[in-house]
Amino acid sequence: MSISPPKWSSSTPVPQKDEEERLRELGYQPVLARRMGGFGNFAISFSVISVLSGCMTLYGFGLGAGGPAVMMWGWIGVGLFVLCVGMALAEVTSAYPTSGALYYMADRLGGRKWGWYTGWLNLLGLLGAIAGIDYGAALFTGAFLNLQWGFTPTPGSTMVIFLCILLLHAVLNLFGVRLVSVLNSISVWWHLGGVALIVGALAIVPSDHQSPSFVFTEFVNDTGWSNPIYVAAIGLLLAQYTFSGYDASAHLSEETSNASVSAARGIVRAIWVSWIAGFALLAGLTFAIQDYAGTQNSATGVPPAQILLDALGTGGATALLLVVITAQLFCGNAEVAAASRMVFAFSRDGALPGSKIWRRVSRRTQTPVPAVWLSVGVAALLALPSLYSATAYGAVTAINVIGITPAYAIPIYLRLRAGDNFEPGPWNLGRWSKPIGWTAVTWVAVITVVFLLPQSYPVTVSSMNYASIALITVLTLATVWWFVARRTYSTPSSYGTAREEAEIAEGIV
């Protein structure tokens with residue numbers, strides 16, 4: 001599979017030997033193993049986006065929040081805007097290829113407070129993504145057990161499965177970035193093959209299919225809200241949630257060869273390949289719906305599982321669910337890798353409570369071990385409301401979107417504000433930088449407001465959108481902690497000082 005860079009990006013390679021020197025110029029001493037190639041860097045963002053995770057886990061939400069019309073056209077529209085965000089972010093990533101990624105870019109372009117709040121938003125989004133991905137995998141695992149052995153999923157049993165998946169991903173990430181890179185490379189072909197297999201089976205096996213008119217124009221509103229525009233806006237959560245996490249390429253840049261180019265390309269490639277694959281998957285599922293109400297109220301608890309069951313029978317549905325679950329496990333593992341690097345980098349700059357613990361790196365694997373455990377631990381806490389709230393999973397996915405999406409826009413906005421003072425890296429948009437950048441910033445501003453709104457009516461304790469509370473909580477925590485840690489938090493302005501080098505060396509265990 002050949003994936004070419006955009007015409008406006010530079011194809012001039014950055015010499016391999018300059019990457020470590022560039023990192024030192026940015027103020028950091030290299031302590032992570034640079035063992036990931038360009039394909040591996042693309043693969044981690046593609047694995048985190050994971051159309052077999054995002055599209056499948058929120059498909060049931062989409063069925064009631066606008067139905068097929070919003071899912072299909074929303075995917076096309078959101079994908080276009082996200083591609084703009086990704087290209088604009090890739091340009092800044094090329095200039096600042098560090099594990100800190102978004103917050104480091106914001107700090108350099110706007111100052112310490114910009115970097116501080118960007119980092120906390122980015123961290124909230126990444127940790128929310130782990131919770132959303134792995135809890136979704138737990139839901140699908142419960143559906144698989146239901147089909148295979150008649151197991152009835154409950155909130156408690158789903159939580160146990162979720163915790164086991166978190167533990168698996170923590171352990172896999174402790175073996176080092178080389179294993180993570182290998183798994184992500186396998187994940188790319190697993191996702192593409194899985195989508196082709198699912199779409200092909202759903203196109204060939206069932207004798208009855210929905211009409212194109214149904215797939216592209218049928219509007220369904222089960223939210224309780226009467227305004228169709230409001231409902232359609234809420235329904236965009238499926239696409240926007242799926243199209244998140246591509247900053248993983250930036251977070252793994254200190255472990256990527258030729259990162260100034262490879263990390264930028266990885267972001268853009270992951271988005272457009274996912275855009276095509278996701279459209280095929282959503283179309284395949286929607287054309288194959290046999291009973292709309294039955295799909296929504298599936299005994300498996302997972303509407304896509306019911307579509308597979310109705311269209312292919314128990315044997316076919318069970319086999320394809322295994323394909324989906326495996327893809328979701330790949331996705332969650334990649335997200336833990338990205339989030340742990342963010343925790344490591346933020347702690348390296350003294351931004352988190354207990355930073356001296358979280359920035360420690362294993363001498364044997366050159367992996368930030370405590371950061372891995374913190375990432376999965378907080379993700380577990382974020383998913384706990386799912387034990388008592390049926391709408392909590394939608395809130396967890398919204399937490400991911402409202403945390404990470406604004407964090408994407410901040411460095412893009414600051415780069416636009418900097419104008420000619422911004423020194424682009426070898427991958428850049430040239431004359432397209434401003435129009436694409438302002439399109440990206442505007443889109444993020446709109447979609448962030450949308451996902452803070454209530455998703456169902458009437459608004460009750462169990463149905464409210466807790467994403468707004470999560471956002472307020474993390475911004476409050478960030479503000480309070482700023483007054484405690486502002487003297488210790490700083491990103492180095494140039495070559496690391498002797499004190500910084502000694503502190504980093506002290507953290508390698």
### Task
State which residue is nearest to SER262 (Cα to Cα) when the search covers only the stretch 14-34 and only residues that are modelled with pLDDT under 80 and charged (D, E, K, R).
GLU19
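Does THR460 count as within 24 Å of ALA106 (Cβ to Cβ) and either out of contact with any strand residue (DSSP E or B) (no Cβ under 6 Å at 6 or more places or on another chain) or not in a loop (DSSP other than H, G, I, E, B) (or both)? Before the answer, list the steps.
Details: within 24 Å of ALA106 (Cβ to Cβ): no; either out of contact with any strand residue (DSSP E or B) (no Cβ under 6 Å at 6 or more places or on another chain) or not in a loop (DSSP other than H, G, I, E, B) (or both): yes.
Spelling it out, it is not the case that THR460 is within 24 Å of ALA106 (Cβ to Cβ) and either out of contact with any strand residue (DSSP E or B) (no Cβ under 6 Å at 6 or more places or on another chain) or not in a loop (DSSP other than H, G, I, E, B) (or both).
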### Scope the stretch 149-158; condition touching a helix residue (DSSP H, G or I) at 6+ places or on another chain (Cβ under 6 Å) and either hydroxyl-bearing (Ser, Thr, Tyr) or in a helix (DSSP H, G or I) (or both); matching residues
PRO155, THR158
### Summary
Residue count, the stretch 165-208, condition surrounded by 14 or more Cβ atoms within 10 Å (Cβ to Cβ), part of a helix (DSSP H, G or I) and small (Gly, Ala, Ser), comes to 8
### Query
Does VAL378 satisfy the criteria of being at pLDDT below 95, out of contact with any Asp or Glu (no Cβ under 8 Å at 6 or more places or on another chain), under 21 Å from ALA250 (Cβ atoms) and hydrophobic (A, V, I, L, M, F, W, C)?
yes
### Message
Condition first: modelled with pLDDT of 85 or more, among the β-branched types (Val, Ile, Thr) and either over 23 Å from the mean Cα position of the chain (by Cα) or within 30 Å of TYR59 (Cα to Cα) (or both). Can you find one or more residues in the stretch 450-460 that meet it?
### Response
yes
### Query
Of the numbered conditions (1) assigned to a loop (DSSP other than H, G, I, E, B); (2) at pLDDT 95 or above, GLY266 satisfies every one except a single condition; which is it?
(1)
### Task
At least 3 residues that are over 22 Å from the mean Cα position of the chain (by Cα) in each: list the helices (runs of 4 or more DSSP H) lying fully within the stretch 271-390 that qualify.
292-296, 303-348, 355-358
### Task
Only residues in the stretch 191-214 that are more than 20 Å from LEU309 (Cβ to Cβ) count as the first member; pair them with residues that are modelled with pLDDT under 95, Cβ under 6 angstrom, at least 6 apart or cross-chain, and list the lot.
HIS191/LEU52; HIS191/ALA327
### Members of the stretch 138-164 found to be surrounded by fewer than 23 Cβ atoms within 10 Å (Cβ to Cβ), in contact with a Leu (Cβ under 8 Å, 6 or more places away or on another chain) and not aromatic (Phe, Trp, Tyr), listed by number
LEU147, PRO153, PRO155, GLY156, THR158, MET159
#### Entry: Evaluation of ALA239 against (1) touching a Phe, Trp or Tyr at 6+ places or on another chain (Cβ under 6 Å); (2) modelled with pLDDT of 95 or more (one fails), failing number
(2)
### Query
Can you tell me which residues in the stretch 413-462 are over 16 Å from PHE81 (Cα atoms) and of a type in the set (D, E, K, R)?
ARG415, ARG417, ASP420, GLU423, ARG431
### Query
Quick check, is ILE412 surrounded by 20 or more Cβ atoms within 10 Å (Cβ to Cβ), part of a helix (DSSP H, G or I) and at pLDDT 90 or above?
yes
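Quick grid of which residues meet (1) over 16 Å from the mean Cα position of the chain (by Cα); (2) at pLDDT 90 or above; (3) assigned to a helix (DSSP H, G or I):
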| residue | (1), (2), (3) |
| --- | --- |
| GLY224 | yes, no, no |
| VAL231 | yes, yes, yes |
| ILE234 | yes, yes, yes |
| SER244 | no, no, no |
| ALA250 | no, yes, yes |
| SER262 | yes, yes, yes |
### Query
Would it be correct to say that TYR466 is of a type outside the set (A, V, I, L, M, F, W, C) and either without any contact (Cβ under 8 Å) to a residue 40 or more places away in the chain or crowded, with 16+ Cβ neighbours inside 10 Å (or both)?
yes
### Single unsatisfied condition, ALA380 versus (1) surrounded by fewer than 20 Cβ atoms within 10 Å (Cβ to Cβ); (2) out of contact with any helix residue (DSSP H, G or I) (no Cβ under 7 Å at 6 or more places or on another chain)
(2)
### Message
Considering only residues that are within 26 Å of ALA65 (Cβ to Cβ) and of a type in the set (A, V, I, L, M), which ones fall in the stretch 428-460?
### Response
ALA440, VAL441, VAL444, ALA445, VAL446, ILE447, VAL449, VAL450, LEU452, LEU453, VAL459
### Task
Would you check if there is a residue in the stretch 417-436 being part of a helix (DSSP H, G or I), at pLDDT 85 or above, more than 30 Å from PHE61 (Cα to Cα) and within 23 Å of the chain's Cα centre (by Cα)?
yes
### Query
Among the listed residues SER211, SER207, SER187, which satisfies the condition of being modelled with pLDDT of 95 or more and under 30 Å from GLY315 (Cβ atoms)?
SER211
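The values are calculated or read from the model by the stated rules, or taken from the named source; none is laboratory data. Owing to the predicted nature of the structure, the values given are computational and were not obtained by experimental measurement. Don't worry about glycine lacking a Cβ; one is built from the backbone with ideal geometry, like all the others, and counts go over all protein chains shown.
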